[in-house]
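This report concerns only the one structure given below.
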Amino acid sequence: MRAVPGLLCALACLPGCEAPPAPKAPAPQAEPAPKAAPRALPEPAPPAWPAEGSKLSPPEAVFTPGFGVHTVFLDAGHGSPGNPGNTSCLGIEEQAYNLAMVEHLAPMLRETGRFALCLSRTATPGPDYRARLAAAEAFGAEVIVSIHSDVRGQGQPCPVPDAAKPPAARIGSSGKEAKRAEAERPHGREHSADEADAAQESRSALRMCNPDAPGFAVLCSDEGGEELARTRRELAQAVASSLARTGFLPYDGVDYEDLYALDPQTPGVFIDRHRPGRRILFLREPRIPSIIIETHHAWDPREERRFQDRATRDAFGEALAAGLAAYLAGQAERKAEP
C-alpha cells in the first residue's frame, strides 16, 4: 500500500493518543561544596627526660660581683675496699661510674675560674669515708658534693649473652633493701675482707633493670643544729633547682618510703630519715654543708645510656656549676646583711 502523506501526523493527533514527550532538559548540577580546610593537628610535645632526643639546656652560672674563688670538696662515692656500690643495668659498677663522672666534672668546674677543688679519690680503691671527711676539713672546703648513682624499686633480671656479661652484677630483691643494707653497716668502717668475699659470692652475672623510677635525687641531713641544717638544705635546693631547669627529671621518691623525706619546697631534694644512729655519714657528720647527688637511676636503661654520653655529663656539669654559684652567692648576701 502506498503511504498517504500526513497520515501519521493525523493518527498522532487522534483522541486517546499522546504526543511523544518532549526531551527533558538536564537538571542543573549543584556546585560542589568547598572542602573544609584540614584540621591542624597539635604539635607533638617534645620528648621529656629520659627519652631519647629529650633536650638538656643548663642555665648559665651567674657569678655576682666579688664572687671570688670558693673551695669545693668533690667526692666520687664508694670506691673504698669492699664498697663498690651498685651495679647498673649495663654492668657498670657504681664506684667506677662515680669516679669517671667526677673526673669529667672537675675540669669543668675548674675552668670557670671560680672553684678550687679537692677530689676525694683519683683511683679505686681510695680512702675510707672518715679519711675523706678529714681531707675536706684540712682543705678548708666550703661545700662537700658527693656523686653517686641510685638503684630503686623492684629490679628484674636482664639476661645478656655470656660474652657480654659484666664482672658480676649485684642481685637484690629491691633497691630499697640495698640502701638498708648499706645503712646497717657501722659508718666510718669499710667492709671487712670476709664481708667483701661474701658480697662477691652473692653477685650474679644477670643485670637488674627497672625503668619505673627515673630521675635525680639530692640528699641532705637536718641534723647538727638549725644553722647547719639550713645551709645544707639551701645547697641541696640550689643544685636540684638547677638540674631541673636543665631538663633532668626530679625523682618523686616513691620507692624511698621511710628512708628519706621529700623536701616540700623543691622537687628532687630529700632529707635523710634512716634510723637514728644509722644515718648517712657524709650527710650528718661534717660541719661543712654537704650533699649527695644521686645523678640517675642506674637500673633504668634509658637513663643509664644517657649518662654514658658526653653531652649529658657536660649538661650536668654546667648545671652543677650554676647551682653552686647560686648557693654561694646567696650565702655571701646573707652574711652581708646588717
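Nothing in this text is a laboratory measurement; each read-out follows from the coordinates by a stated rule. All values derive from a computational prediction rather than experimental measurement. Counting neighbours? That spans all protein chains shown, and the Cβs are built from the backbone with ideal geometry, glycine included.
Each peptide among 110-120, 71-81 gets the average number of other Cβ atoms lying within 10 Å of its residues, and from highest to lowest they stand as 71-81, 110-120.
Histogrammed with a bin width of 10 Å, the alpha carbon distances of the range 242-338 distribute as 13, 36, 37, 13, 1, 0 percent, first bin at zero.
With a cut-off of 11 Å on the backbone N, the residues of the range 294-338 near the modelled label site 7 Å out from Thr64 along Cα-Cβ are 326-337. Counted by neighbouring Cβ atoms within 10 Å, the residues Thr122, Thr246 run from fewest to most as Thr122, Thr246. Ranked by how many other Cβ atoms sit within 10 Å of their own Cβ, fewest first, the residues Ser290, Ser54, Ser146 fall in the order Ser54, Ser146, Ser290. Cβ-to-Cβ counts within 10 Å put Leu320, Leu56 in ascending order as Leu56, Leu320, the fewest first. Annotation note: GluC sites (Glu not before Pro) in the range 226-291 located in DSSP loop regions with a Cβ neighbour count of at most 11 within 10 Å are Glu257. Here the gap between Val254 and Thr122, fully extended at 0.36 nm per residue and compared with their Cα-Cα distance, gives a gain of 44.1 nm.
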